[in-house]
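The values are calculated or read from the model by the stated rules, or taken from the named source; none is laboratory data. As the structure is a computational prediction, the values presented were derived from the model and not from experiment. Here the Cβ positions follow ideal geometry from the backbone for every residue, glycine too, while neighbour counts run over all protein chains shown.
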Amino acid sequence: MAKHLTDRDIEHIVKLLDGWQDKLTWDVLCEACAPVIGTHPVRQTLMKITRVKDAFDACKKRLSGEMAEIAPLPSMKIAIERISRLERENERLKRENNKLLEQFAVWQYNAHNKRLNNHDLNKALPTIDRGQTADFD
């Protein structure tokens with residue numbers, strides 16, 4: 001049975017895509033995921049996850065538009081790659097944040113329609129009984 005990907009696995013995969021430099025296909029990405037998340041997901045699984053699909057599409061777009069650069073010094077090359085990766089990660093996080101803001105607007109509208117007020121929406125979560133049991137003799 002296939003392992004379900006956790007949020008942490010998904011985060012590792014999108015960060016992998018943020019730093020991707022080589023030719024990218026779904027099969028190559030599936031292979032690259034194995035050492036990172038400890039399992040070999042299939043293309044269909046990755047394509048169903050919106051964050052992964054969006055990061056994959058953005059990476060493909062970036063890779064197709066990159067032009068050959070003059071080879072910089074090794075230390076400069078490392079710095080340039082790191083800055084580039086961080087910029088891509090920043091752009092991905094902005095897209096994800098915008099999607100979350102859109103979802104929040106939907107929830108806000110639905111809460112207003114159900115006549116929920118701020119007090120109802122900000123009510124603290126119930127405490128959880130962490131297994132405090134009575135001693136048995």
Of the numbered conditions (1) assigned to a helix (DSSP H, G or I); (2) over 11 Å from residue 17 (Cβ atoms); (3) out of contact with any Lys or Arg (no Cβ under 8 Å at 6 or more places or on another chain), residue 96 fails exactly one; give the number of that condition.
(3)
Does the stretch 108-125 include one or more residues that are surrounded by 10 or more Cβ atoms within 10 Å (Cβ to Cβ) and under 30 Å from residue 13 (Cβ atoms)?
no
Which ones in the stretch 18-64 are of a type in the set (Gly, Ala, Ser), over 16 Å from the mean Cα position of the chain (by Cα) and more than 20 Å from residue 6 (Cα to Cα)?
64
Quick one: is residue 88 closer than 22 Å to residue 56 by Cα, in contact with a Cys (Cβ under 8 Å, 6 or more places away or on another chain) and touching a residue at least 24 places away in the same chain (Cβ under 8 Å)?
yes
Name the single residue, out of those in the stretch 67-93 being surrounded by fewer than 10 Cβ atoms within 10 Å (Cβ to Cβ) and not aliphatic (A, V, I, L, M), that is modelled with the lowest pLDDT.
69
Output the number of residues of the stretch 6-17 satisfying the condition of being farther than 11 Å from residue 62 by Cβ and more than 9 Å from the chain's Cα centre (by Cα).
2
